[in-house]
Amino acid sequence: MLLNFTLVYLQECAPPHLRGLCMNIVTIWITIGSTVGMVILNATAGIMSRKLYQILLYVCLRAPVILVLTLPFLPESPRWLLHHGQAEASMRSLSFFRKGTFDDLAVQEEFEEMKAIATREAETTKDWRLMLELFRGHNLRRTIVCVGTCTANAGVGAVFVLGFGTCFFEVAKVSDPFKWTIITNCIGLIGMLLTWFIVTRVGRRVMIFIGSGMCTICMLIMAAIYTPTGALEKKGNDATLIILISTYIFGFNFGLTPYAYMVIGELPAQNLRAYTMGLSIAVSFVFAWLSSFTTPYYINPTELNWGPKFGHVWFVSGLIVCIFIYFALPELRDRSLEEIVEMFRKRVPTRQFSTYVCVEADEAKSRAVFNRDVAEKQAAAGRGFEHTE
């Protein structure tokens with residue numbers, strides 16, 4: 001629940017050009033948290049007393065305590081307020097998030113865009129039947145793209161590498177396998193930090209495709225190298241395994257996971273955003289669980305004993321992911337959520353998203369300018385009346 005609604009809240013509050021950076025910060029903190037957890041686990045592994053679990057629990061308590069103390073000071077999402085008939089509160093919330101970086105006209109233009117979408121969606125049902133809209137008309141296309149993009153995290157074999165990397169290191173007789181797992185995770189963190197410099201410059205579609213491609217190629221190389229019997233025990237293959245897993249995690253964190261979370265929040269209709277993101281994350285978790293449940297049967301010496309040869313399966317799966325991303329995922333960089341809604345409603349082809357000119361957004365900006373001019377004239381007339389009096 002925390003992950004889903006955090007992403008929804010940030011997507012609805014962040015300005016278009018910073019939306020990707022906000023999503024990136026979320027995924028970076030998740031990776032930092034998991035890395036810190038690994039380091040603490042490694043440092044406390046020798047403790048054979050109650051202090052072991054107490055240390056871990058006390059460390060985990062800090063983040064939720066900070067959230068509980070700070071969240072009451074943040075306003076509700078302006079788009080949520082608007083879709084629930086609280087226009088004035090919505091405008092105050094939007095002004096809060098844009099204060100100091102946007103002038104009054106820019107805020108009014110964005111608010112007019114939001115109102116146009118809210119008015120159109122006001123006629124839709126507001127009970128549980130709203131979920132059925134996920135599978136109707138142009139919303140079905142958005143649902144498919146969101147679920148497919150989010151499931152790409154599991155589709156490229158993330159659970160296979162991230163969950164069983166330590167096992168591979170141990171089989172390859174790498175000294176201190178868990179420490180190498182921490183190192184490869186840190187390399188992935190470096191890849192995620194690098195996205196700070198490109199997230200506002202390079203499109204989501206390109207980066208997700210690059211990340212999926214890197215993961216897929218690493219799976220193919222891993223499977224090809226370790227297919228011969230006894231290959232894991234050959235001298236020098238431990239270094240090869242470390243490089244492959246490091247490259248995989250770098251590509252996964254650099255180009256796939258942060259952008260996937262961006263897309264599933266940007267694509268849905270306003271009144272379906274929480275439903276779509278919840279469904280997408282749930283399906284992704286189901287596939288991740290399925291991978292975790294079945295992988296041991298493929299790699300354990302007492303079962304099929306495929307080991308890294310299991311990468312053949314994930315290569316095919318990753319190839320399907322790459323094809324899906326290339327043909328189905330549109331480019332959304334620097335687009336407002338309302339512009340994205342308009343393009344899907346008008347069934348704009350995937351390749352034309354980056355160049356399409358949104359008419360409704362221009363109309364909203366014209367209304368904002370008109371309203372400002374009227375307000376200025378009324379204010380000027382009022383001052384003239386007071387002077388005459």
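Read-outs: derived from the displayed coordinates by stated rules, not from any lab. Quick caveat, the model's predicted, so the values are computed rather than measured. Cβ placement follows ideal geometry from the backbone for every residue including glycine, while neighbour counts extend to all protein chains displayed.
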Calculate how steeply helix 51-70 sits against the longest principal axis of the alpha-carbon atoms of the chain, using the helix alpha-carbon long axis, and give the answer as 0 to 90 degrees to the nearest 10. 10 degrees
If you take the square roots of the eigenvalues of the alpha-carbon gyration tensor of region 238-389 and sort them as a ≥ b ≥ c, do you get rounded (a/c under 1.5), prolate (a/b over b/c) or oblate? prolate
Measure nothing but the geometry: give the 0 to 90° angle between the long axis through the Cα atoms of 137-155 and the longest principal axis through the Cα atoms of the chain, rounded to 10°. 30 degrees
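Determine the sum of side-chain charges near L18: Lys and Arg each +1, Asp and Glu each -1, restricted to other residues whose C-beta is under 15 angstrom from that of L18.
Numbers: positive: R19, R98, K99, R201, R204, R333, R335; negative: E12, E110, E266, D334.
For residues surrounding L18, the net value is +3.
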DSSP loop trypsin sites (Lys or Arg not before Pro) in region 310-379 with at most 16 other Cβ atoms within 10 Å of their Cβ, which ones? K346, R347
Between 0 and 90 degrees, rounded to the nearest ten: what's the tilt of helix 311-328 against the longest Cα principal axis of the chain? 20 degrees
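Within 10 Å of each residue's Cβ, count the other Cβ atoms and sort L290, L7 from fewest upward.
Final ranking by Cβ density, sparse to dense: L290, L7.
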Cα gyration tensor of the chain, axes a ≥ b ≥ c as square roots of the eigenvalues: rounded (a/c below 1.5), prolate (a/b > b/c) or oblate? prolate
Loop-only GluC sites (Glu not before Pro) in region 231-331, please: DSSP not H, G, I, E or B, and at most 13 other Cβ atoms within 10 Å. E303
222 nm [θ] for the chain, helices only, -39500 (n - 2.57) per DSSP H run of 4+, per residue, to 500? -24500 deg cm²/dmol
Proxy reagent accessibility, fewest Cβ within 10 Å first, across R19, R129: R129, R19
Cβ-Cβ cut-off under 13 Å around R141, Lys and Arg +1, Asp and Glu -1: the net charge is +4
Ranked from fewest to most other Cβ atoms within 10 Å of their own Cβ, T184, T27, T350, T101 fall in the order T101, T350, T27, T184
